[in-house]
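Novice: One structure, pasted below without further comment.
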Amino acid sequence: MTLQVIAFWALAVASVASGMAVFIVDSMARATFALLASLLSVGLAFLLIDLEYLGVLVILMMVMEMLIMAVFMIMYMMNPAGLMPMKMVHNDRAAMVIAAGVFVLLALGAFVTPWPRRRGRPPADVTGALGLSIMGPKMLVMMVIGVAILATMISTVVLATHRGRYDRYGDALEARRPVDPGGGRLAVRDDRDRHGEDRYGDHPGGAQQPHPDHGPGPSSPGHGHDPSHGHGH
Amino acid sequence: MGLHAFLLLASALFAIGLYGVLSQQSIVMLMMGLELMINGLIVAGGAFWYHVAPADADGQVLVLVAVTVMALEMAMGFAVVTAIFRARDVDMTDDAADLKG
């Protein structure tokens, strides 16, 4: 039994154990770090099979990803940081049976399937081969990944924005006065500047009139998760 | 540590993730299960590259795609959770059953 085999099994056990810990620990923040441990073990296991670049990529990427994830986890955490037991599950027994069944099936398949024999040997420069591949014959993959990342950035911002221009100016973007906390004074003043007339002066009470959607006055900006202020109503 | 050992690890990670996806009530914990499932896929992809066709870079490219999918899935998932939490104060799967058949 070589050192590599021992290292692989140690990493495999660590990965599976911390993967289980994700759904056992009481705090969502701890669950995030358990997931990070599982992913790091996989990244380290990749170093054993000549995947230096991908192993380091997984490690670096997942450290950052899980640190960001921890912030969101703490945002949505239910109980005070694991001081109370957390078990929020539905259909626990069936889920466990299905998961165990899937594991048995997959493991059985892995051992029974006659996998093809190994063809060729890893190139001397594995990372270089990957780089030449995605900049050459696999260029399409790289382009699709790039567009997918761009689309994700745009749609996450759209989804997570509290109020965008369609909320302020209506679906056709033609409201004269934006639906803003405080009656939209700033935008109206811009309008007046543009047209050289004092439209703001025509509505002296504008700033004091609370907008129907926005409660009693200008104290609303920056409020958090009040559902009554959400858009889409 | 042949192909079988790696595939066994991949199956275990996939099954644990599947348990989380099926059982967790909190949407963010459900996403942790999805991450674990993709983690299993990454292990399997790397193992297939090394043990079946190491001469080509295809397996490596596949792992690269899976790692990207993992990051994008997390970003989109949190954006959706934030949107539904803002609109309806919902962060549990049981309260978001509009599309239940």
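A short reminder: the numbers here are calculations on the coordinates, not readings from a lab. All values reported here derive from a predicted model rather than from experimental measurement. Don't worry about glycine lacking a Cβ; one is built from the backbone with ideal geometry, like all the others, and counts go over all protein chains shown.
Novice: Residue-wise, which Karplus ³J(HN,Hα) couplings in Hz belong to region B:76-82, taking 6.51 cos²θ - 1.76 cosθ + 1.60, θ = phi - 60°, and x for glycine or proline?
Specialist: For region B:76-82, the Karplus curve yields 5, x, 5, 5, 5, 4, 4 Hz.
Novice: Placing +1 at every Lys and Arg Cβ and -1 at every Asp and Glu Cβ, with all other atoms neutral, what dipole size does chain B have around its Cα centre, in debye to the nearest 20?
Specialist: In debye, rounded to 20, chain B gives about 60.
Novice: Mind checking the full-extension length gain between A:Ser155 and A:Leu3? Use 0.36 nm per residue of separation minus the Cα-Cα distance, one decimal, nm.
Specialist: 50.1 nm
Novice: Step through the residues of region B:58-71 one at a time and calculate ³J(HN,Hα) from phi using the Karplus curve (6.51 cos²θ - 1.76 cosθ + 1.60, θ = phi - 60°), rounding each to whole Hz and writing x for Gly and Pro.
Specialist: 4, x, 4, 4, 4, 4, 4, 5, 5, 5, 5, 4, 4, 5
Novice: Same structure again: Grab the Cα-Cα distance for A:Ala148 and A:Ala124, subtract it from 0.36 nm times how many residues apart they are, and report the gain in nm with one decimal.
Specialist: Full extension from A:Ala148 to A:Ala124 adds 5.5 nm.
Novice: I've got another one for you. Considering only the other residues whose Cβ falls under 15 Å of the Cβ of B:Thr68, what net charge follows from Lys and Arg at +1 and Asp and Glu at -1? The partial results should precede the final answer.
Specialist: Details: positive: A:Lys138; negative: A:Glu65, B:Glu35, B:Glu73.
So the surrounding residues net to -2.
Novice: Continuing with this model, one more query. Considering amide H positions built from the backbone, and no H for Pro or chain starts, which residues 5 or more places from B:Val90, or on another chain, come under 5 Å of its amide H?
Specialist: Here the answer is B:Phe85, since their amide H atoms fall under 5 Å of that of B:Val90.
Novice: Local charge sum around A:Leu44 (other residues, Cβ-Cβ under 15 Å, Lys/Arg +1, Asp/Glu -1)?
Specialist: Values: positive: none; negative: A:Asp50, A:Glu52.
That works out to -2.
Novice: Return the sequence-ordered ³J(HN,Hα) values of region B:12-22 in whole Hz as given by the Karplus equation 6.51 cos²θ - 1.76 cosθ + 1.60 applied to θ = phi - 60°, using x for Gly and Pro.
Specialist: For region B:12-22, the Karplus-derived couplings read 5, 5, 4, 5, 4, x, 5, 4, x, 4, 7 Hz, x marking Gly and Pro.
Novice: Follow-up question, since we're still on this one. Given H placed 1.01 Å from N in the peptide plane, which residues other than close sequence neighbours of B:Ala55 have an amide H under 5 Å from its amide H?
Specialist: A:Arg121
Novice: Within a Cβ distance under 15 Å of A:Met73, other residues only, what is the Lys/Arg minus Asp/Glu net charge?
Specialist: With Lys, Arg at +1 and Asp, Glu at -1, the neighbours total -3.
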